[in-house]
Every structure is written in C-alpha cells, then in structure tokens.
Amino acid sequence: MLKNRKRFILIASIIVLLAALSRLVGLYVDWLFFVETGYRSVFSRVITVELLSGLAFGVFAFLFIFINIWLTNRVGFPTASISINGYTTVSLNTDRIAGLSRLMGLLVALFLGVLGALWGAGLWDQILFFVNAVSTGVSDPIFGKDVGFYLFKLPLYQSLSSFLGFLLFMSLLISVVTYTVKRGFHVSRFQLFVAREIRLHLGILASLVLLKTALGFWLDRFDLLYATRQVITGAGYTDVHAKLFVLNLLMVLCVIAAAAFIVAFARSRFRSAFYPVGAVIAVYIIGMILYPNLLQNFKVTPNELDLERPFIQHHIKFTRFGYGLEKIDLKPFNVAYNLSAKDMQKNDATIRNIRLWDEGPLLKTLGQLQQIRTYYKFTSIDNDRYRIDGKYLQVMASARELSYDDLPSKSWINEKLVFTHGNGVSLAHVARITPEGLPEFIVKDIPPTSITKDIKVSTPEIYFGELTRSYAIANTRIPEFSYPTAEGNVYSSYKGSGGVAFDSLFKRLVFATHFKDAKILLSSDIKADSRILYFRNITERIRRATPFLLLDQDPYIVISDSGKLHWMVDAYTVSSHLPYSRRLRNGVNYMRNSVKVTVDAYDGAIRYYLTDPDDPVAKVYGAMFPGLFQDLSAMPEDLRRHIRYPRDLFKTQASLYATYHMSDPKTFYNKEDLWEIPSHAEKSMEPYYLIMKMPGEKSEEYVLLAPYTPAKRDNLAAWFAARCDAPNYGKLIVYTFPRDRLVYGPRQIDARIDQDSYISQQLTLWGQRGSQVIRGSLLIIPVESALIYIQPLYLAAEDKGGLPELRRIIVAYENNVVMDQTLEGALQKIFGGRVPTPAPAQAGVTPRPTGIKDLAAEASRAFERMMQLQRQGDWAGYGEQMKKLEGLLKEMTK
C-alpha cells in the first residue's frame, strides 16, 4: 500500500510539473511575441497584476480556510473501539486519525488557496479598471453616482462579494462536516448541546455570512439599473418605489441579525438566533416578491405610461449615450423628382462611382479570373476609395492569400518553409465593366501590375492575413515560393523584422515544445537568422496583444503610397455595465469605435491609433497601458486617407436608432413612429459605401448609407449616413422623408421591376437558356433632392463553375423603370442627353468597342426605350425614338 501511495505521488508530481512547464513555455512564447511587436509593457503590466492579485487572493483564501480548519481541529476525535466477533475489542488510534485530519485540512486549504489565486489572477482587468477609473461627467438618475462608478468600480465590488461568499460557504461547510464527524453536536431530550468553542466558531461564521448577505443586498440595489423589463431596461416604478426600499431594509436587518446570531450562539440560545434570520427571509419574500407583484399588477400596469414616463426617459437617454446615438443630426429631406441630364452632369462623381458589383458575384469572379493557382484564395471583398489620375474613385479590393488547405503537396517543409505567404491584391473599379460583363481591374495578376502610376504594389508578400492560422519559418536554407510564371517558379527570401529569430538552440527547443513539433528542433534547414512567424492571423494577433478590445468582423487591405500592404481593423471599447442602456445579444450595452488598428502584411507590426480621445473607456485603457495608443495624427497620412466608418458599428446603431429616434416617452411607449431596416431578397438590407454629394455640400465624399422604412410598411421613412472622410469623419446624419407623400421602398421597387413586362420577359428567357439570373443588391442613391434606384443583373451558368457576368442594369426613378446593358444607357433612357460614364480604360484594359458595334448598341437602346414609352402610353416620345432608331439603322448601312 505504501508503494502504491508513493507511485501515486510520483505520477501526480510529474503531471503537475509537466503542466507547470507547459504553462511557463507558453508564457515565454507570449513574452517573445510582445517583445517582437513592441508591447512588452502591456505583457509586463498584465502579468504583474495577475501575479500580485493572484498571490493576494490565494494567500487570503488559504489563511481563511486554514484558520477555520485549525479551529475545528481543536476539538479532538472521540475515543472509539471496534468489537470483532463479539469477543475482541480494538481501540482506534485517535491520535493518528487526528494527524491525518490535520494533513487533509492542510491539503484542502492549499487547494482552495490555489483556486483563490486563479480567481484573483482572472480579475486583473477589473483591478486595473478600478485603479485607473475616470469620471464621465454623466450621473445615473437614481443614486446620483457618476457612470464611471458602474463602468470601472462596480464589477470589482461584485467579484469581491462573490469571492467572499465562496470562502464563507466553504468554511461553513467544512466546519459543520468536521464537527459532525467529531460528534461536536449532541442532542438530548430534543435539545441541541454544543461545546462553547464550537458555538463561538459557528456563530462568527454565520454572522459573517449574514454580513456578506448585507453586502450583497447593497450591491443588488445597483443591479436594479440593469433589470430587463417589457418596455425598458433599467429600474422602473416598482423597482424604485418598492424593491429599493426593501433592499435598504434588508441590509439593516442582516446587520442586526448578524449581531443577534453571534450573541445567541454564545449563550446557547439557538432558537432565538434564527428569529432575525427568519425576519430577513420573511421581509425578502414579502418585500421583493409579493408586494412588487401586487404593486405592478394593480397600480403600475393600469397606469403604466404615466408612472413609467420618467424611467422610459432614462432608458432612452442612456441607450442613446451608450451607442453614440445622441450625436446623430436629424435633418429633413424633401424629395422632388425634377432631375435632368444637367443634374446628372453636376453629380458626375456620384454616377461614376455607383457600385455595380456585389461582393458575392465579384468574389466568385475573382476566384476564376485572378486566383491564378489553386493554392491562392480570395476570402472577402473590401470596399475602399483611392484618388486615381486626379479622380476620387470607389474600388473593391481583395487580398490573394495562401490557402494551406489547397496546397498540392502537403508536407512539413512545404507548409512551414516553402509556401509561407500570399501574393498581392486585386483592385477593381466598382462601376466599370468589360464588353464581356467582367470587372475592369486597376491592379491584377502575379506579380501585381497596375494601370495607373498612382497605385503600385512594391511589397506584395502577405505573411500576415485572414487565412494564415499556422506558424511559418522564414529565411531558411530552402528558398520560399513567391509566385509562378510561364518560365517557372520564382523564389524569394524573407527580409522583414517580423517573428522571432532562432538565434539560440534554447529558442528552438521552446518553440518545438510549444507547437509540439520536434522538426523545429531537428531540421537542418533552419539557420540562426531564420525567423518563426506565429500568431499570423491578424485578428488573433491583435487579440493576443490587446484581448480587451472587441474587433470588427471586416478587416480590409490598404495599399500605401510606398506600395506596402497594410490591414486596417476597427476596434471597439465596450462595456456591459452602463445603467439603463439596452443590451445587445452579447451582453454589451456601451460601444465606441475609439481605436483603429493597422497590421503590416509583411512584418506583422501592430499599431493602435486613438480616434475618440473623449471615450472614458479608452481613457482608462490608455492609463492602464501608457504608450499603447497613439494619436490619430501619428498614423501615416497615406493610411489615414483610408479610414472608414465601420459597418458592424453602423449596423448596430442603425438597428437601435430605428427605435430610439423616438425621444418622447409616449411615442416610444406606443411605438407610434417605429422604423426598421427594409428587407430585400428575403433578408435585411446591408449598409453600403458610396461616394456621393451630401445635401448642402459642394463636393463628393465617401459615406456609409442605410435606408429606413416605417415598421410593417414598404415605403421609405428616412436614410441614415455616416461620413467617412476627414474632417467630417464619424458624423452621423439621418435624413427624414416627408410623411405626406410616397417615397418608394425596396420592396415596392422590386414589385415594379417584376411587373414590367419587358424586364420580366427577359429574365424568364435567360432562365430558360440554362443561365442563372442573379439579381444584385438594390442601391438607393440620393442625387440632389431625388432618389435613384439601381439594381445590377448578373448571368452565370447553372453549374458551380459558372462565371458571373454583369449583363444588365435596372434603373428606377419616380415612375420609370428601365433596363439597359450599361448604366449610362439606362440613365439616358430616363433623363436623356449625355450622362456621365466611367472614365475610359487605361493601358492594359480592353477598350470599349467603336464603329458598327456602338451603333448597334445605341440602336438596341433606342428600341428598348421605344418599348418602354409604348407601355407608358407616351406616343410622342415613342415617335421620337422611332425616328432616332431609323437614323441609326441608316447610319449602319453606310
């Protein structure tokens, strides 16, 4: 038996040692990562606070449990004997049992001390929040406390309360069980007899439990501000006028009960000790359950609007504050359908930048035209803007990343040493198409080539991206694959500063242990100046460095003026502790896009830039980690031009503002003016980026836009815009439409398109010819004081390899719906005259056809316009188009 015990101890020691070694190796790998990225102070601060708080909590937990166990060990085990076969009596060695009991108590105290240490280490962020708390200048309406108390201090108070409750529960449980085993309780003639030292010990513990309960009731008062009600989030009439008073009363009763409990236990009056506890329970049941329900059902519900009015106002105010909705500027947009060809010319930058390519079809097209090799992959489409040849143009970009799942030959050398990076980007104009219905590229191919001198890619290698989820070792004795050519493959070697150099055998051993890969240690291809690149996924990389920031789901690639590739990622400061604010599904009720993050695609350098210095949460993070955030002005100007308002935040704000634009409590309560994001193609419309001229402005700018419709109605109610360009970045404007006239919504436009006999006939014919008709997103484009609706149509073969081709553009304006092969043709059918078209193709791009083909296309448009006018009963216009068609046909016969 002794041998088995020693073997068990040996195995347990080895397991603990291996776990500790694995943890230390992981910490060292993390340390090297923070040294590489230049944020070792962040790592040091977090580790220091974790160690100190873990030590403090662990020592306190150990001592508290150990003292209670020591007190229980003062009571010895009763003498006992065992009778064998009724003849032999064996006395138990109580001294040995007491020794084992003390050893077991020490182990239990150590175990709970370790749990306490882990508990305390996990509170590092709450501790730093508490220490660096700032004032927000906004107070809650019930207790008058600054919101900073709830954001930065209350979470730690609640955690400490839970920790104390856990220790008291475990101490009381251990004490009662131990005293029971030692027969410290004796019942005679229905009376309980307990030794004095036991009475004092348990009385003190019970009193501490009651004091902890009083602390819990004090904290529960603040929880009322987060309660979810049918109408609002936060304390309502019943909470303030019933539950709050009862919680204050319960606090006092618990303190009185604690004092009474210890006095009664000391005097062996056990029954009287439970009278105050019973009073607490009775008051809780009556005051927190029965009375609030009666008050709510018989007084509040029949007069809900009148009684809840101030609390509804609090809820609206703090929800708007929590999501930055109070900064939205509300303006009228008086729709007037009086556009002309001249107006189209005035807004030529808007017309030239209308996005005709949807992300889905374009991504599929890129995969077939620009993927080049099967091991490259485009994962997403990024919408951005560049100034090209003096013109402000909207583009769609996608990074060509390496897909390890699609490598032709999977081996450790191929995956870790040879195929280490992606190559370049594809950049396409949003509105330009070839005669074949395909996108016209500004940057394309491998190595990347550009049609303009304004954009060049000099460093196309993508070592850090969205697909890179495993480590790679660069600059080894084996050349890295760069890109394929007709003559053969081109190889390169990594020259960047990213990753960790293998300048010692110890580091190779550490990384081999961490990644559980002995080849890192044994490979002869690795040199002293080889570098291991890890945490290469940009999202994981940022989260490793700053786990407290919430990241946007749509990173986007940017080409700098020097030709380097950078990832831009929007980061959010969030909290779930703002009073009265509505919570999202993830529990967040405070959200700001206060930080912009850039990641160098070549060397993985991470930089954080502060865009909202007034954000209190960002201020606290800045105080917690000095030097982490740089001012936005420190961002290179060529990257700062590409900052955009994040779509995730905008979607959240747009969804909330559909309800919280109603600032009047009565209107809010009755939902009299409820909006919603309209649906299109059976799903909610996504916000879209657009270059346009905002009402009252003289020049075009890059904006993010989303429409609103009244709840359960199809007409438009408003449109919401977020400005993306400096100096107006981040300004939010909602333009409301007049209520006395109809402004078509997406479903109504869709219905009008479906009801057009010519368009419907064409769609049916294309579908019967084995082609898949893909109807693109419906875009609502504000131009001057009118709205133009644009929808692209794509054709693709029905098999999975079908290449989507942009074949038709549908344009709706007022009561007109037309379809043409080009946006220019569709707009000419409606407005006549000359309409702006995308600039002619540059070198390297197929030019548009001239001569007979142009005439034929113009004749086709004239014929379609004739049919449109015939359906509308416009016979004068029909005659004009017939004459135009006749002239075109004569011109073609010359």
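Scanning residues 5 or more positions from HIS680 or on other chains, those with amide H under 5 Å from its amide H are MET685, with H placed 1.01 Å from N in the peptide plane. Solvent-accessible surface of region 341-470, averaged per residue with a 1.4 angstrom probe and all protein chains in place: 34 square angstrom. Kirkwood's formula applied to the C-alpha pairs of region 613-705 gives a hydrodynamic radius of 17.2 angstrom.
Centre-to-centre separation between the Cα atoms of region 707-729 and those of region 8-64: 49 Å. Computed over the Cα atoms of region 679-823, pair by distinct pair, the Kirkwood hydrodynamic radius stands at 16.8 angstrom.
Computed from backbone phi with θ = phi - 60° and the Karplus coefficients 6.51, -1.76 and 1.60, the 3J(HN,Hα) list for region 467-484 is 9, 7, 10, 10, 6, 9, 10, 9, 6, 9, 6, 9, x, 8, 5, 9, 6, x Hz; x is used for glycine and proline.
Shown for the chain: the carbon plus sulfur share of the solvent-accessible area, taken with all protein chains present and a 1.4 angstrom probe, equals 57%. When the charge dipole of the chain is built from unit charges on Cβ atoms (+1 for Lys and Arg, -1 for Asp and Glu) and taken about the Cα centre, the candidate among ALA726, ILE47, GLY144 whose Cα reaches farthest toward its positive end is ILE47. Restricting region 513-551 to trypsin sites (Lys or Arg not before Pro) that sit in a DSSP loop and have at most 13 other Cβ atoms within 10 Å of their own Cβ leaves LYS516. Phi angles of region 387-393 translate, via the Karplus equation with coefficients 6.51, -1.76, 1.60 and θ = phi - 60°, into HN-Hα couplings of 9, 10, 6, x, 10, 7, 10 Hz per residue; Gly and Pro are given as x.
DSSP assigns beta bridges within region 546-679; of those with both partners inside it, close to 85 percent run antiparallel.
Across region 530-680, the convex hull enclosing all Cα atoms gives 163 Å³ per residue. Looking at the chain, the DSSP beta bridges with both ends there are about 90 percent antiparallel.
Backbone N atoms of region 410-442 closer than 13 Å to the 7 Å Cα→Cβ label point of ILE372 belong to residues 421-427.
The label-point distance for LYS890 and ILE67, in a model that sets each label 7 Å from Cα toward Cβ, rounds to 11.0 nm. Residues of region 100-140 with an amide N closer than 17 Å to a point placed 7 Å from the Cα of PHE166 along the Cα-to-Cβ direction: 108-127.
Shown for the chain are the DSSP H helices of 24 Å or more along their axis, judged by Cα atoms, with a mean Kyte-Doolittle hydropathy of at least -0.5: 2-37, 40-73, 94-121, 154-181, 196-223, 244-266.
Computing FRET efficiency as 1/(1 + (r/R0)^6) for LEU103 and LYS671, where r is the C-beta to C-beta distance and R0 is 60 Å, gives about 0.35. Helices in the chain, meaning DSSP H runs of at least 4 residues, each add -39500 (n - 2.57). Divided by all residues, the mean residue ellipticity at 222 nm is -13500 deg cm²/dmol.
Scaled to the globular estimate 2.2 N^0.38 Å, the Cα spread of the chain, given as radius of gyration, is 1.23.
Using R0 = 56 Å, the C-beta based FRET efficiency linking ASN338 and ILE289 works out to 0.30. Computing FRET efficiency as 1/(1 + (r/R0)^6) for PHE111 and SER380, where r is the C-beta to C-beta distance and R0 is 35 Å, gives about 0.15. Here LYS153 is the anchor, and the lysines within straight C-alpha reach of less than 19 Å, apart from those fewer than 8 places off in the same chain, are LYS145, LYS212, LYS619. The value given for region 290-343 is a Kirkwood hydrodynamic radius of 15.5 Å, derived from the mean inverse Cα-Cα separation.
A 1.4 Å probe run over region 104-154, with the rest of the protein chains in place, finds 44 Å² accessible per residue.
Legend: Rg and Dmax of region 227-283, from Cα coordinates, 16.1, 52 Å. Projecting the Cα atoms of PRO804, MET892, ILE281 onto the dipole axis of the chain, where Lys and Arg carry +1 and Asp and Glu carry -1 at the beta carbon, places ILE281 farthest toward the positive end.
Which residues' amide hydrogens lie under 5 Å from the amide hydrogen of ARG808, considering only partners 5 or more residues apart or on another chain, with H built in the peptide plane? Under 5 Å from the amide H of ARG808 lie the amide H atoms of LEU793, each far enough along the sequence or on another chain.
The values are calculated or read from the model by the stated rules, or taken from the named source; none is laboratory data. None of the values given here were measured: they were computed from a predicted structure. Methodologically, a virtual Cβ is constructed for each residue, glycine included, from the backbone with ideal geometry; neighbour enumeration extends over all protein chains shown. What goes into the accessible areas is simple: the full protein's heavy atoms, side chains included, and nothing from ligands, DNA or RNA. Shrake-Rupley method; radii C 1.70, N 1.55, O 1.52, S 1.80 Å.
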